[in-house]
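Read through the structure below, which is laid out as structure tokens, and then see the notes.
The values are calculated or read from the model by the stated rules, or taken from the named source; none is laboratory data. All of these numbers come straight from a predicted model, not from anything done at the bench. Note: ideal-geometry Cβ built from the backbone for every residue, glycine included; neighbour counts use all protein chains shown. Just the protein is used for accessible areas: all its heavy atoms, side chains included, with ligands, DNA and RNA removed. Shrake-Rupley method; radii C 1.70, N 1.55, O 1.52, S 1.80 Å.
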Amino acid sequence: MDNRPIGVFDSGLGGLTAVKELRRLAPQEEIVYFGDTGRVPYGSRSRETIIRYARQDVAFLRTFDLKAIVIACGTVSTTALDVLAAENDIPLWGVVEAAAQAAARATRNGRVGLIGTQATIRSGAYERRIAGEDPSIRVVARACPLFVPLVENGRFQVGDVVAETVAAEYLAPIKAAGVDTLVLGCTHYPLLTEVIGAYMGPGVTLVNVGEQCAVRVVERLAAMDALTGREEPGESRFYVSDRVEDFARLASLFLQRDVGEAVEQVDIYRY
Ligand code: DGL
């Protein structure tokens with residue numbers, strides 16, 4: 001048993017998709033979340049910059065006594081996980097492995113769509129993992145760089161004409177390829193689930209990487225005998241690198257509870 005909190009980070013709001021599922025599966029766990037809202041998006045940046053930012057994110061989280069750190073960001077998971085894992089003596093888990101397995105299990109016709117940030121698609125990490133599960137699966141990948149700013153600006157509701165237009169343009173070739181499974185390879189994208197699902201149609205299974213990663217985190221903690229022994233609900237604390245107000249509003253909307261009091265700003269350049 002380990003009562004220490006779990007650290008979770010992302011470039012912004014996207015990692016909340018993992019937090020939401022973690023809180024559903026293991027409500028007694030305490031969570032310390034960092035969203036690098038001052039520097040989002042990461043996905044359009046170089047590998048060197050993503051690694052530099054991710055090192056600071058991990059260094060900040062390591063000021064807390066944590067039992068594990070969850071990289072709830074597709075971009076950092078596909079681009080910097082190996083580097084971070086080699087530098088840190090704490091379990092660090094990314095989103096790719098569980099999502100690749102879920103996609104390989106879900107597809108019936110062997111055609112899987114993958115959407116993510118430019119850095120994620122460039123890395124080829126999901127494709128390698130999916131091929132490791134089943135080399136016969138064909139992956140059709142596309143970077144969707146406008147999705148993250150849409151989400152960070154709260155533009156993810158059905159009926160939002162900008163979100164729907166952007167989604168239709170990005171997803172058209174993936175839909176035309178006849179995929180029956182679509183990996184939302186960036187943790188921000190599940191906030192657009194309804195928009196994406198409406199365009200792709202009911203026959204396409206959407207894989208939420210944040211959710212899959214949370215399921216895997218709970219399994220791993222259980223296997224390590226490191227789940228908390230606490231009986232009351234665990235607290236979540238949120239730290240951001242820019243204004244707390246926007247994050248608090250959108251996070252409260254997404255998590256369906258008021259997190260306003262639990263959000264603080266940090267100067268990430270100190271780490
Ligand atoms: N949530 C991050 C991801 O999963 C967003 C990346 C970005 O900031 O561009 O890739």
* To do: Return the pairs, sorted by first residue and then second, in which the second residue is in a strand (DSSP E or B) and open to solvent by less than 10 Å² (accessible area, probe 1.4 Å), the first residue lies in the stretch 14-31 and is under 14 Å from S252 (Cα atoms), the beta carbons are less than 7 Å apart, and the residues are 6+ apart or on different chains.
  => G15/V8; G15/F9; G15/Y33; G15/G35; V19/V8; V19/I31; V19/Y33
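Return a yes/no flag: does the stretch 38-46 have any residue that is over 23 Å from V183 (Cβ atoms) and touching a Ser or Thr at 6+ places or on another chain (Cβ under 7 Å).
Kept after step one, since they are over 23 Å from V183 (Cβ atoms), are these residues of the stretch 38-46: 38-39, 46.
Subset that is touching a Ser or Thr at 6+ places or on another chain (Cβ under 7 Å): 38-39.
Yes: one or more hits.
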* Starting from the stretch 128-142, take each residue that is over 16 Å from D180 (Cα atoms) and list its partners that are open to solvent by 50 Å² or more (accessible area, probe 1.4 Å), counting only C-beta distances under 9 angstrom and pairs at least six apart or across chains. => R129/E97; E133/R105
* Asked: What pairs come up if the first residue lies in the stretch 80-96 and is polar (S, T, N, Q), the second is away from the ligand (no atom under 16 Å from the Cβ) and open to solvent by 40 Å² or more (accessible area, probe 1.4 Å), and their beta carbons are under 9 Å apart, counting only those six or more places apart or on different chains?
  -> N88/R62
* Asked: Given (1) open to solvent by less than 20 Å² (accessible area, probe 1.4 Å); (2) over 15 Å from the mean Cα position of the chain (by Cα); (3) of a type in the set (S, T, N, Q), where does Q256 come up short, assuming only one miss?
  -> (1)
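In the stretch 80-115, which residues are among the polar types (S, T, N, Q) and open to solvent by 20 Å² or more (accessible area, probe 1.4 Å)? Let's see the steps before the verdict.
Kept after step one, since they are among the polar types (S, T, N, Q), are these residues of the stretch 80-115: 88, 101, 107, 109.
Hits for the stretch 80-115 are N88, Q101, N109.
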* Asked: Are any of the residues in the stretch 202-224 within 21 Å of E152 (Cα to Cα), in contact (Cβ under 8 Å) with a residue 12 or more places away in the chain, touching a strand residue (DSSP E or B) at 6+ places or on another chain (Cβ under 8 Å) and of a type in the set (S, T, Y)?
  -> no
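Would you mind stating whether G124 is surrounded by fewer than 17 Cβ atoms within 10 Å (Cβ to Cβ) and within 26 Å of V70 (Cβ to Cβ)?
Details: surrounded by fewer than 17 Cβ atoms within 10 Å (Cβ to Cβ): yes; within 26 Å of V70 (Cβ to Cβ): yes.
Considered against the rule, which asks whether it is surrounded by fewer than 17 Cβ atoms within 10 Å (Cβ to Cβ) and within 26 Å of V70 (Cβ to Cβ), G124 comes out as yes.
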* Structure fact -> Counting only residues that are over 24 Å from A26 (Cα atoms) and open to solvent by 50 Å² or more (accessible area, probe 1.4 Å), the stretch 167-215 contains a total of 10
* Asked: Condition test on T228, is it over 18 Å from the mean Cα position of the chain (by Cα), of a type in the set (S, T, N, Q) and open to solvent by less than 30 Å² (accessible area, probe 1.4 Å)?
  -> yes
